[in-house]
Amino acid sequence: MRMRSYFNISGFLKILTISVLLFACGAEKKNETLAYVFTMIPAHDVRATVIQNGNHRYLPGMQVAMIEVGKSADAIKIITNEFHSARAPEASFNGKNIIFSGQKNQGDIWQIWTYNMKKKAFSQITNSETNCTDPTWLPDGKIAYSKLISEKDGLQHHALFRIGPDGCCEERITYQPHEDLNAMVLKDGRLLFSSIQIKPTKGSLKYLAMRPDGTKAELFLLPGSNAHATGKAVETRDRKVLYTEDGKLVSVSFNRPLHTRKVHENQGIYQSVFADNGKLLVSVTYEKNGIFELQLLSDVGEPVYRLTDSGNHIIEVSTIAERPVPRKLPTRVDPKKRSGFIVCLNTDASDIMPAVEGAKTAKVQVFSPEGLIGEVAVEEDGSFNLELQADTPLMFKTYDAEGNLLRGPSSWVWVRPAEHRGCVGCHEDREIAPENNVPKSLKGGPVSLVKNDISKEESHE
């Protein structure tokens, strides 16, 4: 294994010592140590294109490693020597623990683990019967991750879960037939994750944002058509969200993520990106089937530090340092309840033209993956107010008075127990504010489409 350090001067890369490199990186404190954690994949076994397509999640022979820039021994340290394969590391907000996905022995289920840097000790967090991957720290100290599950109809996919740092109280938090992966936490406390529908048909990549308890899930940004997500997104201190898409570095404005997508025409093919005190830490290669390396980019995009290994890809890079804890969002989920509520203000408020020109919505049908749940009439103002089974994938279709399908099916949504959700309309502009009117559907109370009339059962508790 070989490692080289570089500093960029007028476009030329020159080999320097780590002490000079530390000064070039703009260390704010004397003798400050910069530490990075990352995944290493044997380059002779895995081509770069496999990584670009996000197909490296459960490969054998991966290792979690770190480097401390500024120490005399400038060398890569493998953390997970005891593991058959390990990847997806992320340091805690205080910089004292590292979380990762690991396969202890060949053939084992992939579990979520933590590594205490001071004690140099591992703790197994999950005890799952199926593979777990892509962990991230939550503001309250819990851990969110993706887990491979099998639905009643045999459909297999990844859903998001969360669990305590002691392995207690695992809870599923996404309920849709999607591949939900690459979760990270925004500064406002919400989870941002990549999501691809796989039933009834395969959809395109999108990023959803939701609260860590699985409530208020909504579309956050849309990548390009047929895109692949290659790593987690990251929020920068100038209110941008960056992510890697088919090897390209892409950004959106946090204030208008659906309308500000910008593909940065950087040289290189990018696997992951992490915000590091005003700079960017990236995994990048400059050849289609080259070897990914770690780079620290200045605020103008120039590399001020590079870490390469001729035998390994360096991917999934992040910083080991104390960083601000995102906002801790409250929860109203009540596990004793079995239903939630959805209010639509006006089904005809939509960016999608109705299939019958000029027609108005008269009724709405609600579906689960198993089929039709029920049908209700909408109010004169186009609104409806429904009580629905919690933690169940839901899809909507709207019809006119003659029974003609106007819009739908919608995207999958769900409600958590006791959650109240609302929408302006059906496939409406997600950046508009609704009119300040009280919908008629709220005056009479919700229409229940819950099995066995759960609402009445709960009212007697």
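Of the residues in the range 48-67, how many are surrounded by 17 or more Cβ atoms within 10 Å (Cβ to Cβ) and more than 19 Å from residue 102 (Cα to Cα)?
Total satisfying the criteria: 3.
Pull up the range 162-200, narrow it to residues that are in a strand (DSSP E or B) and among the charged types (D, E, K, R), then point me to the one that is nearest to residue 113 (Cα to Cα).
Checking each candidate, the answer is 162.
When the residues of the range 410-422 are filtered to those that are closer than 18 Å to residue 345 by Cα, part of a loop (DSSP other than H, G, I, E, B) and not hydrophobic (A, V, I, L, M, F, W, C), which remaining residue is nearest to the chain's Cα centre (by Cα)?
Taking the candidates together, the pick is 411.
What number of residues within the range 157-215 are among the aromatic types (Phe, Trp, Tyr), within 22 Å of residue 88 (Cβ to Cβ) and in contact (Cβ under 8 Å) with a residue 60 or more places away in the chain?
Number of matching residues: 0.
What are the residues in the range 160-179 that are of a type in the set (Lys, Arg) and either under 18 Å from residue 198 (Cβ atoms) or modelled with pLDDT under 95 (or both), if any?
Across the range 160-179, the qualifying residue is only 172.
So residue 112 ticks every box in (1) touching a residue at least 24 places away in the same chain (Cβ under 8 Å); (2) surrounded by fewer than 18 Cβ atoms within 10 Å (Cβ to Cβ) but one. Which box is left unticked?
Every condition holds for residue 112 apart from (2).
Name the pairs whose Cβ atoms lie under 8 Å apart, with the first residue in the range 286-313 and under 14 Å from residue 47 (Cα atoms), the second among the aromatic types (Phe, Trp, Tyr), and 6 or more positions between them or separate chains?
Between residues of the range 286-313 that are under 14 Å from residue 47 (Cα atoms) and residues that are among the aromatic types (Phe, Trp, Tyr), the close pairs are 313/292.
Restricting attention to the range 62-76, and to residues there that are at pLDDT below 95 and not aliphatic (A, V, I, L, M), which single residue is nearest to the chain's Cα centre (by Cα)?
68
What's the number of the condition residue 340 fails, among (1) buried (at least 22 other Cβ atoms within 10 Å of the Cβ); (2) in a loop (DSSP other than H, G, I, E, B)?
Checking residue 340 against (1) buried (at least 22 other Cβ atoms within 10 Å of the Cβ); (2) in a loop (DSSP other than H, G, I, E, B), the one that fails is (2).
Has the range 326-336 got at least one residue that is assigned to a strand (DSSP E or B) and at pLDDT 95 or above?
no
Of all the residues that make up the range 261-318, how many are within 25 Å of the chain's Cα centre (by Cα) and among the β-branched types (Val, Ile, Thr)?
9
From the list 321, 359, which one is among the aliphatic types (A, V, I, L, M), within 23 Å of residue 376 (Cα to Cα), surrounded by 14 or more Cβ atoms within 10 Å (Cβ to Cβ) and in contact with a strand residue (DSSP E or B) (Cβ under 9 Å, 6 or more places away or on another chain)?
359
Could you tell me whether the range 424-442 includes any residue that is within 25 Å of residue 210 (Cα to Cα) and either in a strand (DSSP E or B) or at pLDDT 95 or above (or both)?
No, because not a single residue in the range 424-442 is within 25 Å of residue 210 (Cα to Cα) and either in a strand (DSSP E or B) or at pLDDT 95 or above (or both).
Hey, among the residues in the range 445-461 that are assigned to a loop (DSSP other than H, G, I, E, B) and modelled with pLDDT under 80, which one's nearest to the chain's Cα centre (by Cα)?
For the range 445-461, the residue satisfying everything is 461.
Of all residues being of a type in the set (Gly, Ala, Ser) and under 19 Å from the mean Cα position of the chain (by Cα) in the range 125-168, which is surrounded by the fewest Cβ atoms within 10 Å (Cβ to Cβ)? Just the residue, please.
The selected residue is 141.
Just checking, how many residues over the range 265-309 are in a loop (DSSP other than H, G, I, E, B), closer than 21 Å to residue 320 by Cα and of a type in the set (Ser, Thr, Tyr)?
2
For the condition among the acidic types (Asp, Glu) and in a strand (DSSP E or B), what is the one hit in 357, 316?
Checking each option against the conditions leaves just 316.
Using the structure shown, decide if residue 134 is of a type outside the set (S, T, N, Q), in contact (Cβ under 8 Å) with a residue 60 or more places away in the chain and assigned to a strand (DSSP E or B).
yes
Inspect all residues belonging to the range 259-270 and state whether any of them is touching a residue at least 40 places away in the same chain (Cβ under 8 Å), within 26 Å of residue 49 (Cβ to Cβ) and either outside the structural domain of residue 157 (by TED's automatic domain parsing) or surrounded by 22 or more Cβ atoms within 10 Å (Cβ to Cβ) (or both).
yes
Working only within the range 281-327, note down all residues that are among the basic types (Lys, Arg) and closer than 22 Å to residue 62 by Cβ.
Within the range 281-327, 288, 306 qualify.
The values are calculated or read from the model by the stated rules, or taken from the named source; none is laboratory data. What you are looking at is a predicted structure, and each value in this text was computed from that prediction instead of being measured. Reconstructed Cβ throughout: ideal geometry from the backbone, glycine too, with neighbour counts over all protein chains shown.
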